[in-house]
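What follows is calculated from the coordinates using simple rules that are stated; it is not laboratory data. No experiment lies behind these values; they were computed from the predicted model shown. So basically every Cβ, Gly included, is an ideal-geometry build from the backbone, and we count neighbours across all protein chains shown.
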Amino acid sequence: MGNLLIKNPARIVSPRPGVIRGRGFGDLVIRINESILIRDGIIQDIAPLSQLSRVAARDGIPELDVTGKAVIPGFVDCHSHLVFSGNRAEEFALRASGVDYQTIATRGGGISATVQATRAASAAELKDIGHHYLARALRQGITTMEVKSGYGLDPAAEMKMLEVINDLNAEQPIDLVPTFMGAHAVPQGIARDIYLQEIKAMIPKAARLARFCDVFCEQGYFSPQESGEILAEARIHGLLPRLHANQFHSIGCIEKALDVRAVSVDHLEVLDAREIRLLAGSNTACVVLPGVSLFLDIPYAPIRWMIDSGCIVAIATDFNPGSNMSLSMQLMMSLACMQMQVRLDEALCCATQNGAHVLRLAETGCIEAGWQADLLVLDTADYRDMLYFYGENHVRTVIKKGRIV
Ligand SMILES: [Zn+2]
């Protein structure tokens, strides 16, 4: 927990506190000629420098001069699969040379390749790999991140993944929120009904290591009925439900998500007007993953329509070896603006405050007195440059709980 006076930013740009939907979207607070005083990792005051520098001098609080630069909240990446072993660059190369996904899968690629590598890796090896990716995420401004299990797909390997996520949380600056996703796929070599029983049996132990339970609700993975059964069991043990829904097909996952009062439905590349109306009338958030659409060349989720209809919407990376190897929230936001008709101010809300809402983190995701001091100093005076000049890292300094990291 740090103390810091952030002096003379060109602008402090932040969403307003609390979940954002409807007319609240894009209603940013933009402060000029104000500085930020942080004490014990919490934003204590935002006021003109003359007012704050006296207090800082009296109490020996260090100063960071950011003249001419914009300050925004740290990014909250509310959907990732960051812990895994193995590298699927070979598969990426095959795909780029025109080999289809089915052929790659029959040659031993796809999710089963990652499952094999992750099962074979020791916890220490997984942690090393995790640290490597988290350091990259931090440099690009992610200060809070959800991480799912789901590449173990047996009790020992799933718990190993969750323990690694918990260890990583304690060993580096990014706050990690663990999610149990034993229902990522039915692994090879086990009957479907046996594996469903196995997932339910893992839940009590997973509940001690995770906050959420997620299911891949999709043709060929888990049906809405099976998803509902798993998530109901998870809720009994205190895990909050989430679903990977409507990535390739609309098969009733949205209705099931509302049934189990899911915290979020994620993906939503295939979504119709009726489903959007249902989501807009609910408290289930929509997590949109633009990088997956770019990487796999599949349609983008109709996020413009969701925002206009009153849905709660967040943007995340879905960082994973098969469908998005990017940790750039900046690129995800640029894609939303360039490909999905999202306004720049809306994109910022989706990548900060609403991500924190999905993860049920109070006092994270915006710049207000009393909130956690997770802040980014950009390399520009205008936050819009970050999205306009895209594909670059515009984060100059990351401040996590008041410390420069
Ligand atoms: Zn995912």
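Some notes on this structure:
- Mean residue ellipticity (222 nm) of the chain, computed from DSSP H runs ≥ 4 via -39,500 (n - 2.57), nearest 500: -11000 deg cm²/dmol
- Coupling constants for the stretch 110-124 follow from the phi torsions by the Karplus curve (6.51 cos²θ - 1.76 cosθ + 1.60, θ = phi - 60°), and in residue order they are x, 4, 5, 5, 5, 4, 4, 5, 6, 4, 6, 6, 7, 4, 5 Hz; glycine and proline get x.
- Antiparallel content of DSSP bridges confined to the chain, in %, to 5: 40 percent
- Put simply, when 196-206, 278-288 are sorted by average Cβ atoms within 10 angstrom per residue, most first, you get 278-288, 196-206.
- Once backbone amide H atoms are built at 1.01 Å from N, V342 has C337 as its partners under 5 Å, excluding neighbours fewer than 5 places away on the same chain.
- Shape call, the stretch 300-392: gyration tensor on alpha carbons, a/c limit 1.5: rounded
- Taking amide H as placed 1.01 Å from N in the peptide plane, I42 has its amide H under 5 Å from the amide H of A373, each at least 5 places away in sequence or on another chain.
- E63 versus N166: modelled label distance in nm, points set 7 Å from Cα along the beta carbon direction: 4.5 nm
- Contour excess over end-to-end distance, with Cα ends at R360 and D128 and 0.36 nm allotted per residue: 80.7 nm
- Under the Karplus curve 6.51 cos²θ - 1.76 cosθ + 1.60, θ = phi - 60°, whole-Hz ³J(HN,Hα) for the stretch 236-245, x wherever Gly or Pro sits: 4, 9, x, 8, 7, x, 9, 9, 7, 9
- At R0 = 22 Å, FRET efficiency that the Cβ-Cβ distance of R304 and R277 yields, to 0.05: 0.90
- Working note: Karplus 6.51/-1.76/1.60 with θ = phi - 60° gives the stretch 103-109 the couplings 4, 4, 5, 5, 8, x, x Hz, where Gly and Pro are set to x.
- Multiplying the residue separation of D100 and A191 by 0.36 nm and removing their Cα-Cα distance gives an extension gain of 30.1 nm.
- Length released on extending from R136 to N8, taking residue separation times 0.36 nm less the Cα-Cα span: 43.3 nm
- With the simple spin-label model, which puts each label point 7 Å out from Cα in the Cβ direction, the M1 to M338 separation comes to 4.2 nm.
- Once the Cβ-Cβ distance of F92 and A369 is raised to the sixth power relative to R0 = 41 Å, the FRET efficiency obtained is 0.35.
- Interchain or long-range residues, amide H under 5 Å from F319's placed H: H81
- Label positions at E255 and S50, each projected 7 Å from the Cα along the C-beta direction, are separated by 6.5 nm.
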